[in-house]
Amino acid sequence: METFRQTRRSHTRYDRGARNISGCGLAGMMSLSGERTDGRLIREAIGLLHDRSNGLGGGFAGYGIYPEWPDHFALHMMYYSLEAQEDAEKALRHNCEVAREEKIPTRPIPTIVDPPLLWRYFVRPKGDLLVERQAPSEDDFILDLVMTINRSVEGAYVFSSGKNMGTFKGVGFAEDIGEFYRVEEYQAHIWVAHGRFPTNTPGWWAGAHPFTLLDWSVVHNGEISSYGINKRYLEQFGYCCSMRTDTEVMAYLLDLLVRRHKLPVPIACRVLAAPFWRDIQQMEEPERRLHKTLRQVYAGALVNGPFAIVFAHKEGMVGLNDRIKLRPLVAARKDDLLLLASEEAAIRTMCPNPDVVWAPRGGEPVIGTLGSMEVEGEPKRRLEEASA
Amino acid sequence: MMMKERDLLLEEPQTEEAEEPLHEVRVATTPVYYPPEFRWTNDQERCARCKRCIHQCGWKALRWEGRVVADDSKCVGCHRCEAFCPERCITILPNPQAFKEHGLWSVGHRRNLWKQAETGGVLLAGMGNDLPYQVLWDHLVLDACQVTNPSIDPAREPMELRTHLGRKPEAVEVRQNGDGFELVTALEPGIELSTPIVFAAMSYGSISLPAQKSIAMAACELGTLWNTGEGGLHDEVRPFANRAIVQCASGRFGVDVDYLNSGAGVEIKIGQGAKPGIGGHLPGEKVSQDVSETRMIPVGSDALSPAPQHDIYSIEDLRQLIFAIKEATNYEKPVSVKIAAVHNVAAIASGMVRAGADILYLDGFRGGTGAAPTTIRDHFGIPIEIAIAVVDQRLRDEGIRNQASIIAAGGIRSSADVAKAITLGADAVAIGTAALMALGCTLCQKCYTGRCSWGITTQDPQLTRRLDPNVGAQRLVNLVKAWSEELEEMLGALGVNSIESLRGSRERLRGIQLDRTTLEVLGVKPAGVGA
């Protein structure tokens, strides 16, 4: 119990509603054909970006890691006390059928200290509650549960809630976090990773990246200068920003735009990093009207300030920069591999001889879709070369 | 000596012919002497005796007796004479005549009391509330980028101030269409602004035609809006109507279907920040042929705007009028509803949005006016800072913020005030007093007398011809352009390149010297608390 008390003390000391500001390194790899690889390469890549982080946060997300649980939500939980675990599990069991629960396998290493209790649960919403609460879908039901636990169960956090995917994160250098969580034991067709350089107080495991919600995961380098309004915009739709990291708003915005408003991913990217009015003015109708409408309606969802993000969902992986590219992001292709990273060196760690390497322009997304060999945002030049 | 004060109720506007008030006021039996507010002096050695000051004074405070002689009691401190003195030899000072100081009875209170004891009348005032209430703008400071996020250089990167007013849907529907995307959602009519600064409602009647024309021309050149006020649309400003909000107020002056359809939008005026809860009165003497035609009332008749709109006694009545106007304009114009910011403004605003208003125009208690009872002007309503904060939050809490835009007005003095208003949650601000000051106004607060020496709040052709609309428009364009450029600078310092990333982003504001409750109401953290 002594350990818990200490943990809790350090937890509360930094837990004053402050938002963590951070710089970062990020990396992502995806097999467009859906072939799975283990977590070693991505761990090496993010390890190479060691100097872009300061040991105060790192993490991974893998897609396709729980093929034996395709229809169950995999809830990864952090508990800062046994009471928190009791309360959160009570909420879980009240709302869901829990098919399996277990400690997340970890390996004790000296650089990772004071971890919270880490558990995972494979769950489905209880059918009668789904009807009773008139939840539009199982996703909405789980989303509501995640928000409730994160907001109201003191010391308990859901840090991963998708199907057949999972997030592994904590305080430490990313490569150490990878070792701690044993990422080499998981096979995934999409991996994203993040090493964090927070500029204010450390000690906040749930604040590390990737930030996830349902099957969305986001790794983010940057500080969202429009955080204040993005947060207030999201609150109108019932999202509660409780993780005190501005990356959280990215994940919620994507959830709102793509899952709830059903915008195609390329359009959602144009909302987050909207084209300038002067460029819209140059567009032909009806494209101009589309973008004028998007900017007017989604003014509160424009993400302003420096960012490079890689986000993944069950169908693909996307890289996106802010509209004037204030943070680095490099992309590359090799056969069915799509690679994204803060620096080219990290890409060459994962793939020493890529077919093409390019720096996406500000606001222009790189979109890889599972099952399609065409990547949006890839320079045309390469295609011509390929055909010639 | 018995001094004749100009600030009397029902005082007629002075004309060239009538130097003395047209009717005598009731005089109390015990005369009370109180000294004038200002002391007019000129340096006799430097005076060129050109008499220009005498001609410039709309108040007839100066006369020629071999040299310029002043009747200080008539001087309002508008500085018109001083501005036109070629020798710069005029100095207008606060009257140093001292009364015994009193912590409770200010000289202002004493002066007002004496006036009323003398006349038995209601005190009138012009412009906005001038009492030293705490100005909340001056207790709010903005954030700037350092290290962790970069500021943006507005000279090198695009900065966007474009703003759209009107009702917007909650979501956009987009369909995949072959390789491209197809927009399914159609927006309701709105108004595009090049900068989030519009001109406040000022009627022809309350201000002169050249003043209104200056504002109308400036709005068109800037790509923003002007507002007819409750005075109809004069032929001379009709060419600028595509950038006008045409107002429909309680007197319905100048309102017909053509009028409603001639502007960019229609505004239902319920109240005004300077005089919440009361109407207006344009004396018949001011209703010239021109004004009569514009307002659609007989020459010489008093133009009375009732306190309430007599077909709006409830929120459901407002809904009826909103939709009557939408019907009359074929649902092609956004409808704005203007109210004075009062205690229950958040709930009222919510009702207005649900009643169909596309734009909420909130007017704070510092808002200006041509004429208002002093006691109403100075003691009614709430600050606009508070009103923006509570209305924006309430509409967000109810999930209806997207259904209406907020225009905030009432005491916007600088681009910093604009930025703070937008950060609190306004879509745009309206400037009235500031616009008139760009035209020359020095805030003498005597608009209600109709004698404005600057030709702004008068209908006397001798005075109105002093204002050249071309010059006036240029000065207004200069002002708004300067403020807009400053807004871009501020966005750059805040590290964002679009005004919508500042709108409602209260995280970028901090309060200084504000009590906890005020901070909570404003939704702003105190300085010293980080992100």
Could you count how many residues in the stretch A:94-109 are in contact with a strand residue (DSSP E or B) (Cβ under 7 Å, 6 or more places away or on another chain) and of a type outside the set (V, I, T)? 8
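What tally of residues in the stretch B:287-318 results from selecting those that are in a helix (DSSP H, G or I), closer than 17 Å to B:R354 by Cβ and out of contact with any helix residue (DSSP H, G or I) (no Cβ under 8 Å at 6 or more places or on another chain)?
Step one: list which residues in the stretch B:287-318 are in a helix (DSSP H, G or I), which gives B:289-295, B:315-318.
Still in the running and closer than 17 Å to B:R354 by Cβ: B:315-318.
Those left that are additionally out of contact with any helix residue (DSSP H, G or I) (no Cβ under 8 Å at 6 or more places or on another chain): B:316-317.
Within the stretch B:287-318, residues that are in a helix (DSSP H, G or I), closer than 17 Å to B:R354 by Cβ and out of contact with any helix residue (DSSP H, G or I) (no Cβ under 8 Å at 6 or more places or on another chain) number 2.
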Taking the condition of being crowded, with 22+ Cβ neighbours inside 10 Å, of a type in the set (S, T, Y) and farther than 15 Å from A:I177 by Cα, how many residues in the stretch A:51-91 meet it? 3
What about B:S453, is it assigned to a helix (DSSP H, G or I), in contact with a Leu (Cβ under 7 Å, 6 or more places away or on another chain), in contact (Cβ under 8 Å) with a residue 12 or more places away in the chain and of a type in the set (S, T, Y)? no
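Tell me, yes or no, whether the stretch A:232-249 has at least one residue that is aliphatic (A, V, I, L, M) and closer than 28 Å to A:W69 by Cβ. If you could, list the steps in order and put the result at the bottom.
Here is the first cut: in the stretch A:232-249, the ones aliphatic (A, V, I, L, M) are A:234, A:243, A:249.
The next check asks that each one be closer than 28 Å to A:W69 by Cβ; those that pass are A:243.
Yes.
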Search result, residues across the stretch A:244-293 that are buried (at least 23 other Cβ atoms within 10 Å of the Cβ), at pLDDT 95 or above and part of a loop (DSSP other than H, G, I, E, B): A:L263, A:A274
Here's a check for you: in the stretch B:159-194, which residue that is assigned to a strand (DSSP E or B) and facing chain A (nearest Cβ under 7 Å) is farthest from A:N304 (Cα to Cα)? B:Q176
Of B:S336, B:S350, which residue is among the polar types (S, T, N, Q), at pLDDT 90 or above and assigned to a helix (DSSP H, G or I)? B:S350
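Among what's in the stretch B:514-531 and is within 28 Å of the chain's Cα centre (by Cα) and part of a helix (DSSP H, G or I), pick the residue that is farthest from the other protein chains (Cβ to nearest Cβ). Working first, answer last.
Residues of the stretch B:514-531 that are within 28 Å of the chain's Cα centre (by Cα), as a first pass: B:514, B:518-524.
Still in the running and part of a helix (DSSP H, G or I): B:518-522.
Values: B:T518: 19, B:L519: 14, B:E520: 14, B:V521: 16, B:L522: 13 Å.
Restricting to residues being within 28 Å of the chain's Cα centre (by Cα) and part of a helix (DSSP H, G or I), the top hit is B:T518.
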Does B:P196 count as closer than 23 Å to B:P461 by Cα and either hydroxyl-bearing (S, T, Y) or at pLDDT 95 or above (or both)? no
Matching option when the condition is closer than 15 Å to B:V524 by Cα, in contact with a helix residue (DSSP H, G or I) (Cβ under 8 Å, 6 or more places away or on another chain) and part of a helix (DSSP H, G or I), among B:A416, B:A389: B:A389
Of those in the stretch B:63-89 that are farther than 19 Å from B:Q445 by Cβ and within 31 Å of the chain's Cα centre (by Cα), the residue surrounded by the most Cβ atoms within 10 Å (Cβ to Cβ) is B:C85
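When the residues of the stretch B:501-530 are narrowed to those that are free of Cβ contacts under 8 Å to residues at least 24 places away in the same chain and of a type in the set (D, E, K, R), which ends up surrounded by the most Cβ atoms within 10 Å (Cβ to Cβ)?
Of all residues in the stretch B:501-530, those free of Cβ contacts under 8 Å to residues at least 24 places away in the same chain come to B:501, B:515-517, B:519-520, B:525-526, B:528-530.
Still in the running and of a type in the set (D, E, K, R): B:515-516, B:520, B:525.
Working: B:D515: 10, B:R516: 9, B:E520: 11, B:K525: 16.
Checked the stretch B:501-530; the qualifying residue surrounded by the most Cβ atoms within 10 Å (Cβ to Cβ) is B:K525.
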Those residues of the stretch A:266-291 that are within 8 Å of another protein chain (Cβ to nearest Cβ) and either of a type in the set (G, A, S) or out of contact with any strand residue (DSSP E or B) (no Cβ under 8 Å at 6 or more places or on another chain) (or both) come to a total of 2
Whichever residue in the stretch A:62-84 is closer than 19 Å to A:Y157 by Cβ and part of a loop (DSSP other than H, G, I, E, B) and, among such residues, is nearest to the chain's Cα centre (by Cα): A:Y80
Suppose we keep only residues that are charged (D, E, K, R) and more than 25 Å from B:V198 (Cα to Cα) within the stretch B:434-463. Which one would you say is surrounded by the most Cβ atoms within 10 Å (Cβ to Cβ)? B:R451
Only one of (1) touching a residue at least 60 places away in the same chain (Cβ under 8 Å); (2) more than 21 Å from B:A473 (Cα to Cα); (3) more than 10 Å from every other protein chain (Cβ to nearest Cβ); (4) crowded, with 22+ Cβ neighbours inside 10 Å fails for B:G254. Which number is that? (1)
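Determine which member of the set A:E89, A:E102 is outside any loop (DSSP other than H, G, I, E, B), closer than 21 Å to A:E185 by Cβ and without any contact (Cβ under 8 Å) to a residue 40 or more places away in the chain.
On the way: A:E89 fails: closer than 21 Å to A:E185 by Cβ.
Testing whether each residue is outside any loop (DSSP other than H, G, I, E, B), closer than 21 Å to A:E185 by Cβ and without any contact (Cβ under 8 Å) to a residue 40 or more places away in the chain leaves just A:E102.
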Of these, B:P306, B:P283, B:P334, which one is under 27 Å from B:L165 (Cα atoms) and within 24 Å of the chain's Cα centre (by Cα)? B:P334
Can you name every residue in the stretch B:476-513 that is among the aliphatic types (A, V, I, L, M), more than 26 Å from the chain's Cα centre (by Cα) and more than 14 Å from every other protein chain (Cβ to nearest Cβ)? B:I512
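Let me confirm something: among A:V297, A:V303, which residue is farther than 21 Å from A:V375 by Cα, crowded, with 22+ Cβ neighbours inside 10 Å and β-branched (V, I, T)? Lay out the reasoning, then the answer.
On the way: A:V297 fails: crowded, with 22+ Cβ neighbours inside 10 Å.
From the options A:V297, A:V303, the qualifying one is A:V303.
Among the residues that make up the stretch A:138-148, is at least one of them under 22 Å from A:A188 (Cβ atoms) and assigned to a strand (DSSP E or B)? Full working, then the answer.
Within the stretch A:138-148, the subset under 22 Å from A:A188 (Cβ atoms) is A:139, A:142, A:146.
From what is left, the residues that are assigned to a strand (DSSP E or B) are none.
Among the residues of the stretch A:138-148, not one is under 22 Å from A:A188 (Cβ atoms) and assigned to a strand (DSSP E or B), which makes the answer no.
Listed here are the residues, each with its yes/no results for (1) modelled with pLDDT of 95 or more; (2) touching a Phe, Trp or Tyr at 6+ places or on another chain (Cβ under 9 Å).
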| site | (1), (2) |
| --- | --- |
| A:A61 | yes, yes |
| A:Y80 | no, yes |
| A:L92 | yes, yes |
| A:V113 | no, no |
| A:L117 | yes, yes |
What is the number of the single condition among (1) touching a Ser or Thr at 6+ places or on another chain (Cβ under 9 Å); (2) over 19 Å from A:F73 (Cβ atoms) that A:D215 does not meet? (2)
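Being on the phi > 0 side of the Ramachandran plot and within 16 Å of the chain's Cα centre (by Cα) is true for just one of B:G229, B:G223, B:G178. Which residue is that? Reasoning before the result, please.
Values: B:G223 fails: within 16 Å of the chain's Cα centre (by Cα); B:G178 fails: within 16 Å of the chain's Cα centre (by Cα).
Every option except B:G229 fails the conditions.
One line per residue, one yes/no per condition, for (1) surrounded by 24 or more Cβ atoms within 10 Å (Cβ to Cβ); (2) modelled with pLDDT under 95:
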| position | (1), (2) |
| --- | --- |
| A:M147 | no, yes |
| A:G172 | yes, yes |
| A:F180 | no, no |
| A:S217 | yes, yes |
| A:N221 | yes, yes |
| A:C241 | no, yes |
In the stretch A:304-322, the residues that are in contact with a Phe, Trp or Tyr (Cβ under 9 Å, 6 or more places away or on another chain) and more than 7 Å from chain B (Cβ to nearest Cβ): A:F311, A:A312, A:H313, A:K314, A:M317, A:V318, A:G319, A:L320, A:N321, A:D322
Check whether at least one residue in the stretch B:464-481 is within 22 Å of B:Y361 (Cα to Cα) and buried (at least 24 other Cβ atoms within 10 Å of the Cβ), and report yes or no. yes
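The values are calculated or read from the model by the stated rules, or taken from the named source; none is laboratory data. Because the structure is predicted, anything quoted here is derived from the model rather than measured. Methodologically, a virtual Cβ is constructed for each residue, glycine included, from the backbone with ideal geometry; neighbour enumeration extends over all protein chains shown.
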